[in-house]
1. Exactly one condition in (1) in contact with a strand residue (DSSP E or B) (Cβ under 6 Å, 6 or more places away or on another chain); (2) assigned to a helix (DSSP H, G or I) is false for V82; which is it?
2. Answer with yes or no whether A9 is surrounded by fewer than 10 Cβ atoms within 10 Å (Cβ to Cβ), modelled with pLDDT under 95 and assigned to a helix (DSSP H, G or I).
3. Do you know which residues across the range 34-85 are touching a residue at least 40 places away in the same chain (Cβ under 8 Å) and either closer than 23 Å to K23 by Cα or of a type in the set (D, E) (or both)?
4. Pull up the range 15-70, narrow it to residues that are outside any helix (DSSP H, G or I) and among the β-branched types (V, I, T), then point me to the one that is nearest to R5 (Cα to Cα).
5. Residues of the range 20-34 being charged (D, E, K, R) and either surrounded by 10 or more Cβ atoms within 10 Å (Cβ to Cβ) or in contact with a strand residue (DSSP E or B) (Cβ under 6 Å, 6 or more places away or on another chain) (or both), which ones?
6. Could you check the range 52-84 and list, in sequence order, the residues that are touching a Ser or Thr at 6+ places or on another chain (Cβ under 8 Å) and of a type outside the set (D, E, K, R)?
Amino acid sequence: MVQIRGTQAITDELVNRFEKDPKPMYYPEALLRELWAEYLETEGVAEAEVDPDAFVSWGFRRLVEHRIPLYEAIARNWGVTVEAAEIEALEAP
């Protein structure tokens, strides 16, 4: 496995792209329930008042943040990590 480690700016760009053109995402059920409860509490809304688009955007960022340490552990044990800046600096021969 090759982990391409990004920056906060890259994470922000991923979120912006997702907001403009959302794609289906997989959330483990336990994580989805945790995010749902956290969203209701932090936004101070009842379930019936949730704006689905706002929740999905909010949850996508947290999903990305949740996956980073998982990918780091996989790369550390069975792969390599490359910085996104190194990939961006590559030129075609």
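The values are calculated or read from the model by the stated rules, or taken from the named source; none is laboratory data. Computed from a predicted model, the values in this text were never measured in an experiment. Methodologically, a virtual Cβ is constructed for each residue, glycine included, from the backbone with ideal geometry; neighbour enumeration extends over all protein chains shown.
1. (2)
2. Against the criterion (surrounded by fewer than 10 Cβ atoms within 10 Å (Cβ to Cβ), modelled with pLDDT under 95 and assigned to a helix (DSSP H, G or I)), A9 qualifies.
3. S57, F60, R61, V64, E65, Y71, E72, E83, A84
4. Step by step, filter the range 15-70, then rank; the result is V50.
5. Within the range 20-34, R33, E34 qualify.
6. V64, A75, A84
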